[in-house]
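Take a look at the structure set out below.
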Amino acid sequence: MNVFAEFETLIGGIVEALKADGTLPADLAVSRIAVEPARDPAHGDLQTNVAMVIAKPAGRNPRDLAEAIAARLRGAEGLVSAEVAGAGFINMRLDPAYWPKVVAAVVAAGGDFGRSGLGEGRKVNVEFVSANPTGPLHVGHCRGAVFGDALANLLAFSGHEVTREYYTNDAGAQIEVLARSVLLRYREALGEEIGAIPEGLYPGDYLKPVGEMLARQHGRGLLDMDEAKVLAIVREAAISSMMDLIREDLATLNIHHDLFFSERSLHGSEIAATVADLKTRGLVFEGRLPPPKGQVPEDWEDREQLLFKATEFGDDIDRPLVKSDGTYTYFAADVAYARNKIERGFDQLIYVLGADHGGYVKRLKAVARALSGGRVDLDVKLCQLVKLFKAGEPYKMSKRAGTFVTLRDVVEEVGPDPVRFMMIYRKNDAPLDFDFAKVTEKSRDNPVFYVQYAHARTHSVERNAREVFPDLSLAGEEIRSAPVERLVDESEQQLIRRIAQFPRLVEQASLAHEPHRLAFYLYDLASDFHALWNRGKDLPHLRFIRDDDRPLTTARLALVSALRTVIATGLGILGVHAPEEMR
């Protein structure tokens, strides 16, 4: 049951009727009708801007049009009033008897409440983390990892076919540095005194096990081989070991990708084929680029080169595909990768990148438009930095990697649930302060505790109810057929109104690619429930369990069941555990 969708359909029918009787033009293209919670509860329960949206193309005064629509709304089932406000908004107030139906709908739907076909099975590729395989994931990667996984869950719940993908940067200079760093650790494992790690190599102790593994497998044999052959062997072992380490890091947060795509698989034939395809389509030209703004680098070359026509598709400059030495640019690999995704049949590409990749947004969007003819939508979500605090003071953790705080350090300090919830409890493009003391305290100031505590309290209510009515179960038929019409107190109805927002919230968050909306919603939902709980402590007639009124108890337990369902579903989308007890 989606209250907002039901009234959108009702209003859409009224608009069609107004077109049929000549009040509105028959060829009027109707934009998506928006029905939202009223901003001010004193004005009603719902509001719509339908008149504001269609008035201009219809050539009508928006307030007059709103009056015409409101007149037809009045008398609709479940509606008490429909009043025009301001320049043409319509505020609607529902009959209090309407809201308890939401409870019955949630109890009947269970974990499918809020699930929708919004995505219509569209294939979406969500690429996230994609850190260089040169060491363990650090705390900066943590935010993108959680965001990408929660977004993938959200899209899947709203009817998309989602692939979680990790782009393995296993080509380029950083991999050669990795191989030489591991080769040094191999010699160390053989007993050599290697001294201080030379500048330019990776110093972390996490490479020692890789060197030790190579020593066990090859003994001193690698020392007698040609350097190119040795580096090839070490390179493969290093990449494999680092990717295993990265998978283990992600698993601590219950994050698992469907596909790990190798950059090396693009080099050679696929990039060459991509460039040839661009030439065939007329998407490249030989030209010169202007020098960078500001100070011109010493190695700047003013030369004719092969350029992608990026500016024709919204980018700021055209992009080079081939370096002066004849090798392909990093951008050429990016184009080949996007082409690969498009050829795999994805309808939408989502890249979750760090804040320092802002310059990639326009160029990636231009590539998708050019290669797909505008068919494939591409969205880039940038995740801002995470700063670590403890009790409000900057926190310097011990650095297992030697140079940075790892993702695993943070998870082992506070657990996966606080990390996942708090990494989402800010919009992705806003800086995030992660306070180790705050995320472990047991108070309403700690959002993850407050929401999980609400879920645990629903189980406490059920356990207490069974002490009074031993045969009563939240999963039983008596709850499914409970007299929910008896839920008439304003605090009960407020909680139901919040529950009713869940399907719309999921759709809106999915459309915007903003899972943080769900975290905010769950906090507000938990707050309404805790407020109702506290009212029951002060006002006995509002308590969930009435030993003198079993039917009312079942109605309130149905409300508790509906609340539990929504919290558990929401936490599940965010990848956070919904506990039955908290100690």
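A compact table of results
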item: Unit charges on C-beta of K, R, D, E only; dipole of region 475-577, Debye; result: 140 debye
item: Largest to smallest accessible area among Phe436, Phe449 [probe 1.4 Å]; result: Phe449, Phe436
item: Total formal charge among the other residues, if their Cβ is under 9 angstrom from that of Val386, Lys/Arg +1 and Asp/Glu -1; result: +1
item: Low-density loop positions, trypsin sites (Lys or Arg not before Pro), region 106-179 - DSSP coil, at most 16 other Cβ in 10 Å; result: Arg115, Arg122
item: Reachable aspartates and glutamates, given that their alpha-carbon falls under 13 Å from the alpha-carbon of Lys442 and they are not under 8 places away in the same chain; result: none
item: The chain - share of DSSP beta bridges that are antiparallel (%, nearest 5); result: 50 percent
item: Values of log10 I(q)/I(0), in the order q = 0.12, 0.19 Å⁻¹, for region 319-427 under a Debye, Cα-only, solvent-free model; result: -0.65, -0.99
item: Low-density loop cleavage sites - GluC sites (Glu not before Pro) in region 134-203, where at most 14 other Cβ are within 10 Å (DSSP); result: Glu192, Glu193, Glu199
item: Electrostatic dipole magnitude of the chain [Cβ: Lys, Arg +1; Asp, Glu -1; Cα centre; debye, to 20]; result: 540 debye
item: Rounded if a/c under 1.5, otherwise prolate or oblate - region 365-461, Cα gyration tensor axes; result: oblate
item: Stretchable slack from Leu259 to Asp27, in nm (0.36 nm times residue separation minus alpha-carbon distance); result: 78.9 nm
item: Spatial separation of Cα centroids for region 301-335 and region 546-578, in angstrom; result: 57 Å
item: Area of Asp318 that stays accessible when all protein chains are in place (1.4 Å probe, Å², to 10); result: 30 Å²
item: Correct option for Cα extents along the principal axes in Å [calculated from the coordinates] among (i) 141, 55, 40; (ii) 115, 53, 48; (iii) 87, 64, 41; result: (iii)
item: GluC sites (Glu not before Pro) within region 290-354: DSSP coil, no more than 16 neighbouring Cβ in 10 Å; result: Glu298, Glu301, Glu304
item: Qualifying lysines (Cα of each under 16 Å from Cα of Lys362; at least 8 residues distant if same chain); result: Lys309, Lys381
item: Share of carbon and sulfur in the accessible heavy-atom surface of the chain [1.4 Å probe, %]; result: 49 percent
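The values are calculated or read from the model by the stated rules, or taken from the named source; none is laboratory data. It should be emphasised that the depicted structure is a prediction, and the values quoted were computed from it without experimental measurement. Quick reminder, even Gly has a Cβ in these numbers, built from the backbone with ideal geometry, and neighbours come from all protein chains shown. Accessible surface areas use protein heavy atoms only, side chains included; no ligands, DNA or RNA. Shrake-Rupley method; radii C 1.70, N 1.55, O 1.52, S 1.80 Å.
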